[in-house]
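What follows is a single structure, written as structure tokens, with notes after it.
Read-outs throughout are calculated quantities, based only on the coordinates presented, and are distinct from any laboratory measurement. Every value quoted in this text rests on a predicted model; they were computed, and no experiment measured them. Neighbour counts are summed over all protein chains in view; Cβ atoms, including those assigned to glycine, are modelled from backbone coordinates with ideal geometry.
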Amino acid sequence: MSDAEIFVIVPLYNEAAVVRETVMPLLKAGYTVVVVDDGSSDGSSKALEGLRLVLLRHAVNLGQGAALETGMTYARRRGAKAVVHFDADGQHDGAQIAEFLGPIRRGETDVVLGSRFLRREDAARTPWLRRVVLHGGIVVSGLFTGMWLTDTHNGFRVLSEKALAEIRLRENGFSHATEILGEIRRRKLRYVEMPAAIRYGAYAKAKGQPFWNSFNILIDLVMEKLFR
Amino acid sequence: MIPIQPILVVLLLSSVGLYFAKFRSKVWDRAIVVSLFAAATLFIMQPELANRLAAVAGVGRGADLFFYITIPGLGFVLLLVLSRIRKLEQQWTQVVRELALVRAEISAGERR
């Protein structure tokens, strides 16, 4: 599996200030970078001009789950051997991708899920309110999917070719994180959690997801159960 | 016949006419709408029938029986509408996704 066969999917929505800085190390590492601009209105796509990456643009804002599925559809059609989900806001460390790919390359697992609660130092960096919300998310995801993980809403994960072929995201919003877990269980895919350091800089703290978004996620999950 | 009866029947008939004129729907949906219209007209014209049914159900008045039936009925309609919205959202997403992928293909072709 060459680095070019690994597609890093970056869902992008109004991150013009940081997205270029986020993708540069990924390009330098030799991965195929697929940025999915989910209807940004701040000129995020313009910030990527001149870079050798794949830019897919949603005509309207659909949500992070939809953006990831668009990137995954592209990767499937282009014969990707693995895909990496990577947030555009610069919270993740691109250098960790190689580490996450290890178990996939060795054929030990189908999905690697990032967790900010496996190492004490990573957990300590997480602001307390976010910690509370994320732990609520862990309980909700556990109840909905039967999978009890340490961090269910971490945007950093790697899917093998097999997982990429089997997992199709139908949830457009942030509830895709729980949907992925449900799919892993339903399709009996092997998974492992690995520590993922999250950088909570001033930018990330200022942007973050509003607290009430958790309520939206819960509603989406109930709807998904009712109408799947 | 009391004055409210023809008024209600005309209003009902107008609603059904509007439904058939404005919405494309399946045969089953149309059959349900026509059956509901027929039942509603019957109960408007024969209010005693509703009272007798209410007595059988142990509810008291016919108006109370309709009130109790309306609550789960509206819940059911709400779920149907939500389900429809979700389906439309999925179709819409598919269109936006394919457009993004086709646009990328075209611009990649232009660069070559």
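Give or take rounding to whole Å, what are the principal axis extents of the alpha carbon atoms in chain B, in descending order?
Answer, in whole Å and largest first: 79, 29, 21 Å.
Given H placed on each backbone N at 1.01 Å, which residues far from A:GLY39 in sequence or on other chains put an amide H within less than 5 Å of it?
Close amide H contacts, sequence-distant or interchain: A:HIS58.
Using modelled amide H (1.01 Å from N, peptide plane; none on Pro or chain starts), what sits under 5 Å from the amide H of A:SER115, excluding residues fewer than 5 places away?
A:MET194, A:ALA196
Let me confirm one metric for peptide B:99-107, namely the mean number of other chain beta-carbon atoms within 10 Å of its residues' beta-carbons. Kindly include the intermediate steps, with their values, before the conclusion.
Working: counts 6, 16, 6, 0, 4, 8, 2, 0, 3.
The per-residue average across the peptide is 5.
Output the relative contact order of segment A:3-227, whole-number percent, from Cα pairs under 8 angstrom with separation of 6+ residues. If you can, show how the numbers build up before the last one.
Values: 415 pairs, mean separation 51.4, N = 225.
Relative contact order here is 23 percent.
Of the residues A:ALA196, A:ALA67, A:ALA59, which exhibits the maximal mean-square fluctuation in a Gaussian network model of chain A defined by a 10 Å Cα contact cut-off?
Of the options given, A:ALA59 has the highest mean-square fluctuation.
Given DSSP loops and a limit of at most 15 other Cβ atoms within 10 Å, what is the longest stretch of chain A that contains no such GluC sites (Glu not before Pro)?
In chain A, the maximal stretch lacking such sites is A:109-228.
Among A:LYS81/A:LYS188; A:LYS28/A:LYS188; A:LYS46/A:LYS81, which pairs are too far apart, with a Cα-Cα distance over 31 Å? Don't skip to the answer; put the middle values down first.
On the way: A:LYS81/A:LYS188 19 Å; A:LYS28/A:LYS188 35 Å; A:LYS46/A:LYS81 29 Å.
Check vs 31 Å cut-off fails for A:LYS28/A:LYS188.
If you filter segment A:36-102 for trypsin sites (Lys or Arg not before Pro), then keep DSSP loop positions with at most 13 other Cβ within 10 Å, what is left? Walk me through the numbers before you get to the answer.
Numbers: sites: A:LYS46, A:ARG52, A:ARG57, A:ARG76, A:ARG77, A:ARG78, A:LYS81; in loops: A:ARG52, A:ARG78, A:LYS81.
Sparse-neighbourhood loop trypsin sites (Lys or Arg not before Pro): A:ARG52, A:ARG78.
If you fit an axis through the alpha-carbon atoms of helix B:4-22 and take the longest principal axis of the Cα set of chain B, what angle between them do you get, 0 to 90°, nearest 10?
20
Report the Stokes-Einstein translational diffusion coefficient (µm² s⁻¹, integer) for the protein assembly as shown, Rh taken as the Kirkwood radius over Cα pairs, at 10 °C with viscosity 1.306 mPa s. Mind showing how you got there, number by number?
Details: Rh = 23.2 Å.
Rounded, D is 68 µm²/s.
D for segment A:1-144, whole µm²/s, Stokes-Einstein with Kirkwood Rh over alpha-carbon pairs at 37 °C and 0.692 mPa s: what number? Walk me through the numbers on the way to the answer.
Details: Rh = 16.3 Å.
Result for D is 201 µm²/s.
Before rounding to the nearest 500, sum -39500 (n - 2.57) across all DSSP H runs of length at least 4 in the protein assembly as shown and divide by the residue total; then give [θ] at 222 nm in deg cm²/dmol.
Only helices count here, giving -19000 deg cm²/dmol.
Report ³J(HN,Hα) in whole Hz for each residue of segment B:68-73, in order, from the Karplus equation J = 6.51 cos²θ - 1.76 cosθ + 1.60 where θ = phi - 60°; Gly and Pro get x.
With coefficients 6.51, -1.76 and 1.60, one gets 5, 6, 5, 4, x, x Hz.
If the only charges are +1 at each Lys and Arg Cβ and -1 at each Asp and Glu Cβ, what is the size of the charge dipole of chain A around the Cα centre, to the nearest 20 debye? Intermediate results must be reported in sequence, preceding the final value.
Numbers: 31 positive and 26 negative charges, 80 e Å.
For chain A, the charge dipole is close to 380 debye.
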